[in-house]
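Student: The structure under discussion is supplied below as structure tokens; questions concerning it will follow.
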Amino acid sequence: MYSEQGQHEKAESSYRELLRLDPDNVIPYNSLTNTYLALQRFDEARRTIQQARARNLESDLLHNALYALAFLTSDSPAMAEQERWFASQPDYENEGLSLASDTESYSGRLGKARELSQRSVDSAIHADNKEAGAIWQENAALREATFGNAEEAKRAAAEALKLAPQSEGVKGEAGLAFAMAGDAARAESLARDLDQRFPLDTQMQSLWLPGIQALLALDRKNPAGALNALQAAAPSVELGSIEFVNNGSCLYSTYIRGEAYLAAGKGKEAGDEFQKILDHSGIVWNCWTGALARLGVARANALQARISEGADAEAARVRSLAAYQDFLALWKDADPDIPILNEAKAEYAKLQ
């Protein structure tokens, strides 16, 4: 409960006590490792994994965490090692393929990401886990929507719903994907259903539904309404762990709030939201929000440059240029036809 509400320090204390009481159970090692990742304490996360292995304990979640640590330290051989482990496990192969897909999309290699996502869905179905396959497909739908491929996003979201039509997680992600892709009717329908089915679910009421409503408001060119909808997302809950995904969380509410502040003409506030994503890499891992937060920082500073004067305007312009360069360097090998990439290149050229 502490983890899901973003109270990771309290979660750590509980998990450590569980580990003391039951040191031969892999569950507290899994949970404590992810808690240390969420707290940006990567060395302690690695030591916890080593302690589990010293007792001959293994789990897919420990390998997820090892992949995350490798990604966060840009250790490609270590990432490949974990991908090989997942490939050797029929029940968990889909998780490894989904992780690899997210890594490809993080650097803008969307074609490769699509291929890996489809393989992850097929592998999950083969392992008789349609819900996992649907989650991986909704992940793909969300990134397609935010990258600017609305029709592909709607297609993927609809297909995922067919795989697991009653899944809370699948419907929550589908609602976000449809709203982000501009399909208000389907997003609103899903939101009504989720609100009726889960009126007391903290994350549903504080994260998923406010996110959907905020995106719908942005689609109506109403950034004030979007920001008002997101007030339900308490700061601690916003950093809470999502139990059905590979990483801790993509921090969708934080990203959407940053977009709303941009639309409202509030550059500093937008920059603070996108920077929050960058500051919590141990939660976000290789989710696309971690990549596009760099572009968000660039856009926020560009906005600041436009509304400021004199030295303040020039300082903001310099910060914006640096952030655009950071994003474009990350996406140097990206597929050239991604709409948001071409938008970023045009914005950067105009700023110079």
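Student: Quick one: what pairs do we get from segment 272-285, first residue touching a residue at least 40 places away in the same chain (Cβ under 8 Å) and among the β-branched types (Val, Ile, Thr), second in a helix (DSSP H, G or I) and surrounded by 22 or more Cβ atoms within 10 Å (Cβ to Cβ), C-beta under 6 Å, 6+ apart or different chains?
Tutor: Within 6 Å, the pairs are Ile283/Ala38.
Student: Gly248: under 22 Å from Glu138 (Cβ atoms), part of a helix (DSSP H, G or I), small (Gly, Ala, Ser) and within 19 Å of the chain's Cα centre (by Cα), yes or no? So that I can check it myself, show each step before the final result.
Tutor: Numbers: under 22 Å from Glu138 (Cβ atoms): yes; part of a helix (DSSP H, G or I): no; small (Gly, Ala, Ser): yes; within 19 Å of the chain's Cα centre (by Cα): yes.
Taking the combined requirement at face value, the residue does not satisfy it.
Student: In addition: Quick check on segment 155-171. Is at least one of its residues surrounded by fewer than 21 Cβ atoms within 10 Å (Cβ to Cβ), closer than 19 Å to Pro210 by Cβ and touching a residue at least 24 places away in the same chain (Cβ under 8 Å)?
Tutor: Yes, segment 155-171 has at least one match.
Student: Restricting attention to segment 295-352, which residues are surrounded by 22 or more Cβ atoms within 10 Å (Cβ to Cβ) and basic (Lys, Arg)?
Tutor: Arg299
Student: Now for a different question. Counting only residues that are in contact with a Gly (Cβ under 8 Å, 6 or more places away or on another chain), give me the helices (runs of 4 or more DSSP H) lying completely in segment 271-352 with at least 3 of them. Lay out the reasoning, then the answer.
Tutor: Details: elements: 281-284, 288-307, 310-330, 339-351.
Counting at least 3 such residues, we get 281-284, 288-307, 339-351.
Student: Can you work out which of the residues in segment 218-248 that are loosely packed, with under 15 Cβ neighbours inside 10 Å and modelled with pLDDT of 95 or more is farthest from Gln275 (Cα to Cα)?
Tutor: Arg220
Student: Find all pairs meeting these conditions: Cβ atoms under 7 angstrom apart; at least six residues apart or on different chains; first residue within segment 125-141 and under 22 Å from Leu110 (Cβ atoms) and free of Cβ contacts under 8 Å to residues at least 60 places away in the same chain; second residue hydrophobic (A, V, I, L, M, F, W, C) and not in a helix (DSSP H, G or I).
Tutor: Every condition considered, the pairs that remain are Ala134/Ala164.
Student: Being of a type in the set (Gly, Ala, Ser), part of a helix (DSSP H, G or I) and farther than 9 Å from Glu138 by Cα is the filter here, so list the residues in segment 159-171 that pass it. Full working, then the answer.
Tutor: As a first pass, look at segment 159-171 and keep what is of a type in the set (Gly, Ala, Ser): 160, 164, 167, 169.
Now restrict to residues that are part of a helix (DSSP H, G or I): 160, 169.
Gly169 - this is the single residue of segment 159-171 that is of a type in the set (Gly, Ala, Ser), part of a helix (DSSP H, G or I) and farther than 9 Å from Glu138 by Cα.
Student: Another question, if that's okay. Anything in segment 9-40 that is aromatic (Phe, Trp, Tyr) and touching an Asp or Glu at 6+ places or on another chain (Cβ under 8 Å)? List them, or say none. First the steps, then the outcome.
Tutor: Initial filter on segment 9-40 (aromatic (Phe, Trp, Tyr)): 15, 29, 36.
Selection gives Tyr36 alone.
Student: Every residue in segment 95-124 that is of a type in the set (S, T, N, Q) and over 17 Å from the mean Cα position of the chain (by Cα), please.
Tutor: Going through segment 95-124, the residues of a type in the set (S, T, N, Q) turn out to be 98, 101, 103, 105, 107, 117-118, 120, 123.
Gln118, Ser120, Ser123, listed by residue number.
Student: Shifting gears a bit: Within the group Ala174, Ala185, Ala191, which residue is within 20 Å of Gly148 (Cβ to Cβ) and either in a helix (DSSP H, G or I) or in contact with a helix residue (DSSP H, G or I) (Cβ under 6 Å, 6 or more places away or on another chain) (or both)? Give the steps one after another, and end with the answer.
Tutor: Details: Ala185 fails: within 20 Å of Gly148 (Cβ to Cβ); Ala191 fails: within 20 Å of Gly148 (Cβ to Cβ).
Going through Ala174, Ala185, Ala191 in turn, the sole match is Ala174.
Student: OK, next. Check Thr202 against each of (1) within 15 Å of the chain's Cα centre (by Cα); (2) among the β-branched types (Val, Ile, Thr); (3) over 20 Å from Ala157 (Cβ atoms) and name the one condition it does not meet.
Tutor: Every condition holds for Thr202 apart from (1).
Student: Moving on. I need the full set of residues from segment 123-134 which are part of a helix (DSSP H, G or I) and of a type in the set (A, V, I, L, M), in order please.
Tutor: Ala124, Ile125, Ala132, Ala134 - these are the residues of segment 123-134 that are part of a helix (DSSP H, G or I) and of a type in the set (A, V, I, L, M).
The values are calculated or read from the model by the stated rules, or taken from the named source; none is laboratory data. Everything numeric here is computed off the predicted structure, so don't read it as measured data. Note: ideal-geometry Cβ built from the backbone for every residue, glycine included; neighbour counts use all protein chains shown.
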